[in-house]
Amino acid sequence: MRRNRTATAAAWVAALVAALAGSTGEARADQVKIRGGGTLRGAVVPIEDRPGYVEIYTATASRPYVFRRDQIEQIVPEASPMEEYLKRRETIEESADAHFELGLWCEEQGLSGPALVHHGRAAELDEHHALAQKKLGRVFFDGRWITYDERRQLQGLVKHGGRWVTPEEKEDLNEQQRMTQSQEAWARRIDVLVKTFLEGNPNDRAEAEQQLRQINDPDAVVPLVNRLSRQGVELRLILAQLLGTIDDPLAVSGLVHLVVREEDQQVRLSMLNELARRRDPTVAPRLIRELGKSDPDRVGRAAWALAGLGATEAVPKLIPALVSVQKRVETVLVPSEPVGGGMGMGVNFGASGGPAFGIGSGPSIPVLTGPAVAPGAIAFGAQAVPIFQYRGQGTGVVMGNVGGVTAPVPAPPVPRQVVRQYQHRNVEVLAALERLTGTNLGYDVSAWNRWLRTEFRPPAEEDRPARLVPQP
């Protein structure tokens, strides 16, 4: 038994320590250096039924490491709770509670490996020892203690990427992973075709265009949108037609995504025609959600598209988008602020009585000079003085003495950045409302809301016009 093996360990370990480390002592937790490299910290115990082999018990491993004696190069004694653990293990009562308590003591001493061993032994001796079972990470399910993984398996879950999912979810995740790999392959191929289309000779260019137009794989939708939407008008027109021919919801999402961002009217009309031709019931709700965006251009394009599709159900959502509050940072000139106390001179004057400034002194302002009196005549004049010389103190007004006359000169205004709010009237939204309702109440949102409550009658599905888009 292990108890007997451990009882005979002290003499052998003492001899081994004395031989290898030059000291004597009892079995204890030591630093054990293994020949050929590596160090373990634990207790060395000989194996009775395997002469020449030893076990090394460590703090974290639930099972001892096994080595030949000649593989141990050196044992360096170290203080460790492992020595006390070996003593307690020799005197433990063979009961579930005793093993559980020893497991708790091991946890307190940082001996996680031995702790797991004794909690496991407690569960073996008493299957219904709930505390020991919980320490082992088990749960009570369907009348027995099982691991979390076993419970999830009984619940019909399967493991995928380190987490438990339903078989259906696993299939979807595998499909997404496969599609991602396929998308990467399509991205590389589309990059080559686009480069040839833009830079190749006429024959190669025609061949690249033909290959682009033949793409109909749903996995190519995302690469197509990412690559072609940033190209010129010609390639963006090809993109619109391609998305219209690919029979997949992702292609519809791509068209909606592009139609509210496309600036060229011809390309946008081509995209809208493809959406109208597909008659997909999810298009109008997607465009209606775009009406809540903060970008007025994006809102306007969504309204234009809804009108082109004849989406009368969008009317209640179009009305709040008629007028939106926008913020804009502007630079304005404001009066100079006081910079100190008292009234001070803002101009330096030279010996001649005029302002002293030289070339390159910056912008100037006109200053009225004093009167020149002569027999039978009085004349006034003006002189240019740099602005920086007129930055006064206190009141924001400076006193200038030019030509012998002291007069207040207002300090020049200074630039400031301010955030201003203004109401943006969305022309496209009003045009969409008029086209869908035959009514034009301008940008009066209150009037539109009253009309909505009293007069608006959404047509029945069978009465709605065909969603064709002949004109933008």
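P458 meets all of the listed conditions (1) free of Cβ contacts under 8 Å to residues at least 12 places away in the same chain; (2) part of a loop (DSSP other than H, G, I, E, B) but one, namely (1).
When the residues of segment 257-284 are filtered to those that are among the β-branched types (V, I, T) and either touching an Asp or Glu at 6+ places or on another chain (Cβ under 8 Å) or without any contact (Cβ under 8 Å) to a residue 40 or more places away in the chain (or both), the one that is most open to solvent (accessible area, probe 1.4 Å) is T282.
A quick yes/no check of all residues on (1) in contact with a helix residue (DSSP H, G or I) (Cβ under 7 Å, 6 or more places away or on another chain); (2) not hydrophobic (A, V, I, L, M, F, W, C):
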position	(1), (2)
A61	yes, no
I75	yes, no
H99	yes, yes
L104	no, no
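Residue check: is V405 open to solvent by 50 Å² or more (accessible area, probe 1.4 Å), over 30 Å from E274 (Cα atoms) and modelled with pLDDT under 75? So V405 fits the description; yes. I'm trying to understand the selection: among the residues of segment 219-235, which are of a type outside the set (G, A, S) and open to solvent by 40 Å² or more (accessible area, probe 1.4 Å)? The answer is V222, N226, R227, R230, Q231, V233, E234. Among the numbered conditions (1) buried (at least 19 other Cβ atoms within 10 Å of the Cβ); (2) part of a loop (DSSP other than H, G, I, E, B); (3) modelled with pLDDT of 90 or more, the only one that A314 does not meet is (2).
Residue by residue, here is whether (1) of a type outside the set (A, V, I, L, M, F, W, C); (2) at pLDDT 90 or above; (3) farther than 30 Å from R328 by Cβ holds:
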residue: N226; (1), (2), (3): yes, no, yes
residue: T245; (1), (2), (3): yes, yes, yes
residue: L258; (1), (2), (3): no, yes, no
residue: A284; (1), (2), (3): no, yes, yes
residue: L291; (1), (2), (3): no, yes, no
residue: D297; (1), (2), (3): yes, yes, no
residue: A303; (1), (2), (3): no, yes, no
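Counting just the residues of segment 317-355 that are in contact with a helix residue (DSSP H, G or I) (Cβ under 9 Å, 6 or more places away or on another chain), open to solvent by less than 40 Å² (accessible area, probe 1.4 Å) and modelled with pLDDT under 75, which one comes out nearest to D444 (Cα to Cα)? Per the criteria, the residue is G346. Which residues, taken from segment 44-80, are open to solvent by 20 Å² or more (accessible area, probe 1.4 Å), touching a Leu at 6+ places or on another chain (Cβ under 6 Å) and within 30 Å of L136 (Cα to Cα)? A59, S62 - these are the residues of segment 44-80 that are open to solvent by 20 Å² or more (accessible area, probe 1.4 Å), touching a Leu at 6+ places or on another chain (Cβ under 6 Å) and within 30 Å of L136 (Cα to Cα). Yes or no: segment 121-132 includes at least one residue that is outside any helix (DSSP H, G or I), of a type outside the set (A, V, I, L, M, F, W, C) and open to solvent by less than 90 Å² (accessible area, probe 1.4 Å). Scanning segment 121-132 turns up at least one residue that is outside any helix (DSSP H, G or I), of a type outside the set (A, V, I, L, M, F, W, C) and open to solvent by less than 90 Å² (accessible area, probe 1.4 Å).
Kindly establish whether T245 is under 32 Å from the mean Cα position of the chain (by Cα), hydroxyl-bearing (S, T, Y) and surrounded by fewer than 17 Cβ atoms within 10 Å (Cβ to Cβ). The answer is no for T245. Hey, does segment 141-154 have a residue that's touching a helix residue (DSSP H, G or I) at 6+ places or on another chain (Cβ under 9 Å), surrounded by 16 or more Cβ atoms within 10 Å (Cβ to Cβ), at negative phi and among the β-branched types (V, I, T)? Among the residues of segment 141-154, at least one is touching a helix residue (DSSP H, G or I) at 6+ places or on another chain (Cβ under 9 Å), surrounded by 16 or more Cβ atoms within 10 Å (Cβ to Cβ), at negative phi and among the β-branched types (V, I, T), which makes the answer yes.
Taking first residues from segment 77-101 that are part of a helix (DSSP H, G or I) and partners that are at pLDDT 85 or above and β-branched (V, I, T), the Cβ contacts under 6 Å between residues at least 6 apart in sequence or on separate chains come to A98/I92. Among the residues making up segment 177-218, those that are open to solvent by less than 80 Å² (accessible area, probe 1.4 Å), within 26 Å of the chain's Cα centre (by Cα) and of a type in the set (S, T, N, Q) are T180, S182, Q183.
The values are calculated or read from the model by the stated rules, or taken from the named source; none is laboratory data. From a predicted model like this one, the values you see are computed outputs, not experimental measurements. No Cβ is skipped: glycine too gets one built from the backbone with ideal geometry, and neighbour counts run over all protein chains shown. Side chains included, ligands, DNA and RNA excluded: accessible areas come from the protein's heavy atoms. Shrake-Rupley method; radii C 1.70, N 1.55, O 1.52, S 1.80 Å.
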